Amino acid sequence: MLTMTSLRHADLDQAAAELMANACTLAAGGLAAAAADALHKLQSDGPWRIGRHGASARQLAQLLPRTCLLAGRACPPVGDEPARAHDALASWAEQEAAQQLRSMAMTTAQQLAPAGQGWTEAGLMTIAHTTSSFGGQRPPFTQFCLDAQVILKRRIAERFGFGGEPVEMPPDDVLESLPAADLQALLARLQFAGAEIADEARAIPTATIAEAAAAHLLRHELPTDWLSEFIFRAAVLLECADARPDSAATIVAGWYEIDPACAAPLLEMATTEPVREALAAGHFRAALHVHAAAADRYLELLDERPQRAPSVPAQPQWNGDTLASFVAQLAGTPLAGLDFVELPILGTSERAYAAACPVESAYPLWQRARAAVDRTQRWPLVTTLWGNRRTPLDPASVADELFSRFEFENGPAADDVSPRAVLAAAEAVDLEAYLARKAAGREAPAEDAGGADADEPDPTLAMPGWFEPDNAQLVFLPTPRSEDALAYLHWYGCLDGGAAGMIALMRRWRERFGAELFAHYGTMLQLVAARPPEQLDAALALAHEHHLASSRALDFAATLRHYARGLLGHERWFLHERP
């Protein structure tokens with residue numbers, strides 16, 4: 001079924017995500033031409049164009065070749081790939097299918113007993129009535145899924161010619177003397193060595209296994225996970241390969257009830273010939289609740305998205321200084337004794353200056369550098385090198401570590417991910433909308449009991465201490481504003497929502513609380529607030545923003561209110577976000 005809730009959404013990435021989900025549904029439903037037309041809008045000049053960089057562009061690069069393959073079209077340039085004729089797409093699909101089938105057939109589990117021991121067709125359907133937790137033992141449904149994975153992998157290996165029969169290992173002395181070519185062949189066979197399958201499980205139809213999985217998930221209102229998704233994907237593949245498209249469609253219908261986004265993994269399998277033929281023939285159209293008239297109407301509605309204001313190209317900023325003139329401005333301060341090097345800001349004409357400094361002196365040196373910002377027009381930032389610790393600093397390798405654009409290229413949709421382009425985007429951020437999107441994806445903090453302050457834990461316990469690295473680098477960035485640092489050095493927390501929104505939020509904190517960035521350690525930010533909140537209401541609002549900025553902000557706090565009380569009069573803030 002097609003969804004149309006984000007057609008006009010101001011966040012292009014959110015609107016594009018819905019468009020690509022709908023394109024998956026159209027393509028998996030046998031309407032690949034309509035899907036390709038929809039995806040093409042993301043590349044064409046106009047309100048839907050997502051640019052060359054970002055997570056949306058990366059997803060488009062995955063979807064467009066498969067959709068064009070199904071539609072019988074050539075594929076235009078996308079991502080790092082050039083334009084490809086349909087014949088070239090077919091060759092690419094053959095290679096992709098070989099890798100996909102190998103992965104699905106490869107043995108991964110260690111067995112303690114034959115897979116499917118004790119299975120019967122009637123017995124499998126009672127799986128739907130078992131609970132998902134079972135004391136301290138492995139839940140029955142989990143054991144079923146693990147066995148089903150082993151059995152289906154064996155069937156794929158046998159069906160697509162990867163072997164699947166058990167491999168008898170030679171004695172150790174023979175193994176040690178095997179020629180390299182024979183040893184390599186043995187290792188290749190072991191990848192697809194047939195698992196031990198119980199005799200009773202061999203007779204269970206593939207469709208019955210998928211039906212049992214769907215029945216349990218539906219009864220207990222559970223989402224799919226990687227294991228149950230494998231069961232559905234493998235079952236569809238096998239039923240299509242055995243020319244049972246109606247059975248495959250029944251599996252897809254059950255899968256769709258559990259996960260309406262199942263069209264995406266179905267489309268991923270379009271490189272395999274059996275599934276591609278079923279998709280192109282429209283065998284799954286009814287199961288996915290899509291039809292041609294809805295596709296035509298959807299394409300018409302895409303043209304109604306409002307045009308965006310043209311973006312202004314970002315201009316590099318350079319205040320005209322050189323390393324020598326910059327160092328001269330530090331004369332008479334402790335900073336003058338540091339050994340500065342010039343660092344190129346990758347892909348721009350901008351430069352930063354950096355010097356190693358003693359860890360124990362990093363904060364007082366930063367304070368002196370902060371006091372000189374009006375003169376230098378450069379924001380000082382303490383950071384650390386995780387991978388490059390050579391002395392003296394090697395400018396090229398340090399710049400590669402600090403100023404990499406890789407994470408920016410995988411963030412929100414954009415053509416330009418230079419620091420100045422990110423800062424230009426930050427100026428246009430709707431901050432309340434950004435915070436609302438963050439809140440929608442963030443688990444609410446613990447509720448307060450509503451007792452007196454005296455009943456709560458010591459508020460100082462809610463505040464994490466600052467991190468102290470084993471090496472410190474003082475970097476002067478080509479901007480006088482604290483929050484702009486996140487456009488130059490990527491913070492892990494910006495993977496959720498992009499750097500522009502976080503920069504806008506930190507600008508608010510600077511304006512309201514005098515909060516400025518002292519240190520940036522990749523996953524950690526340390527700020528100094530000249531005017532921390534003094535009233536609980538203001539502290540509560542700030543605590544909520546900290547929680548939205550960093551899912552780990554409240555790690556040491558009992559509740560949001562406890563954290564807010566810790567912020568009262570507290571000048572040192574710490575935000576940590578990591579995998």
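Observations, loosely collected:
- Taking (1) open to solvent by 20 Å² or more (accessible area, probe 1.4 Å); (2) modelled with pLDDT of 85 or more; (3) in contact with an Asp or Glu (Cβ under 8 Å, 6 or more places away or on another chain) in turn, T206 satisfies each apart from (1).
- Some residue of the stretch 239-261 being hydroxyl-bearing (S, T, Y), touching a residue at least 60 places away in the same chain (Cβ under 8 Å) and either surrounded by fewer than 20 Cβ atoms within 10 Å (Cβ to Cβ) or over 29 Å from D45 (Cβ atoms) (or both): no
This table checks each residue for (1) more than 16 Å from A436 (Cα to Cα); (2) hydrophobic (A, V, I, L, M, F, W, C).
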| position | (1), (2) |
| --- | --- |
| R512 | yes, no |
| F518 | yes, yes |
| M524 | yes, yes |
| V528 | yes, yes |
| P532 | yes, no |
| D537 | yes, no |
| L540 | yes, yes |
| L548 | no, yes |
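- Looking across the stretch 209-229 at every residue that is farther than 18 Å from A287 by Cβ, in a helix (DSSP H, G or I) and open to solvent by 20 Å² or more (accessible area, probe 1.4 Å), the one that is modelled with the highest pLDDT is identified as W226.
- Residues satisfying the stated conditions in the stretch 486-521, i.e. under 17 Å from the mean Cα position of the chain (by Cα), surrounded by fewer than 19 Cβ atoms within 10 Å (Cβ to Cβ) and not aliphatic (A, V, I, L, M): Y492, D496
- Between P274, P245, the distinction of being touching a His at 6+ places or on another chain (Cβ under 7 Å) and closer than 24 Å to P205 by Cβ belongs to P245 only.
- Filtered residue count, the stretch 31-58, keeping only those that are open to solvent by 20 Å² or more (accessible area, probe 1.4 Å), modelled with pLDDT of 95 or more and either among the acidic types (D, E) or over 23 Å from P306 (Cβ atoms) (or both): 3
- The conditions of being of a type in the set (F, W, Y) and either modelled with pLDDT of 95 or more or not in a loop (DSSP other than H, G, I, E, B) (or both) are not met by F467.
- Residue that is nearest to the chain's Cα centre (by Cα), among those in the stretch 170-203 that are open to solvent by 60 Å² or more (accessible area, probe 1.4 Å) and modelled with pLDDT of 80 or more: E196
- Subset of the stretch 401-429 that is of a type in the set (F, W, Y) and in a helix (DSSP H, G or I) - its residue that is least open to solvent (accessible area, probe 1.4 Å): F408
- Output for the stretch 440-459, where each listed residue is surrounded by fewer than 14 Cβ atoms within 10 Å (Cβ to Cβ), within 32 Å of the chain's Cα centre (by Cα) and at pLDDT 70 or above: A440, G441, E443, A444
- In the condition set (1) surrounded by 19 or more Cβ atoms within 10 Å (Cβ to Cβ); (2) among the acidic types (D, E); (3) modelled with pLDDT under 95, D555 is compliant with all but (1).
- In the set (1) within 19 Å of G54 (Cβ to Cβ); (2) small (G, A, S); (3) modelled with pLDDT of 90 or more, A413 fails one condition alone, (3).
- Among (1) surrounded by 14 or more Cβ atoms within 10 Å (Cβ to Cβ); (2) modelled with pLDDT under 95; (3) charged (D, E, K, R); (4) under 30 Å from P395 (Cα atoms) - the single one E483 does not satisfy: (2)
- The requirement of being surrounded by 13 or more Cβ atoms within 10 Å (Cβ to Cβ), in contact with a strand residue (DSSP E or B) (Cβ under 9 Å, 6 or more places away or on another chain) and modelled with pLDDT of 95 or more is not satisfied by A280.
- Output for the stretch 330-370, where each listed residue is assigned to a loop (DSSP other than H, G, I, E, B), open to solvent by 10 Å² or more (accessible area, probe 1.4 Å), among the hydrophobic types (A, V, I, L, M, F, W, C) and closer than 20 Å to P478 by Cβ: L338, F340, L346
- Screening D321 on (1) open to solvent by less than 50 Å² (accessible area, probe 1.4 Å); (2) free of Cβ contacts under 8 Å to residues at least 60 places away in the same chain; (3) assigned to a helix (DSSP H, G or I) shows it passes everything except condition (3).
- Which numbered condition S91 fails, given (1) small (G, A, S); (2) open to solvent by 50 Å² or more (accessible area, probe 1.4 Å); (3) within 26 Å of the chain's Cα centre (by Cα): (3)
The values are calculated or read from the model by the stated rules, or taken from the named source; none is laboratory data. On a predicted model such as this, the values are computed, not experimentally measured, just so you know. Cβ coordinates were reconstructed from backbone atoms using ideal geometry, including for glycine residues, and neighbour counts include every protein chain displayed. Ligands, DNA and RNA are stripped out before the accessible areas are found, and what is left, the full protein with its side chains, is counted by its heavy atoms. Shrake-Rupley method; radii C 1.70, N 1.55, O 1.52, S 1.80 Å.
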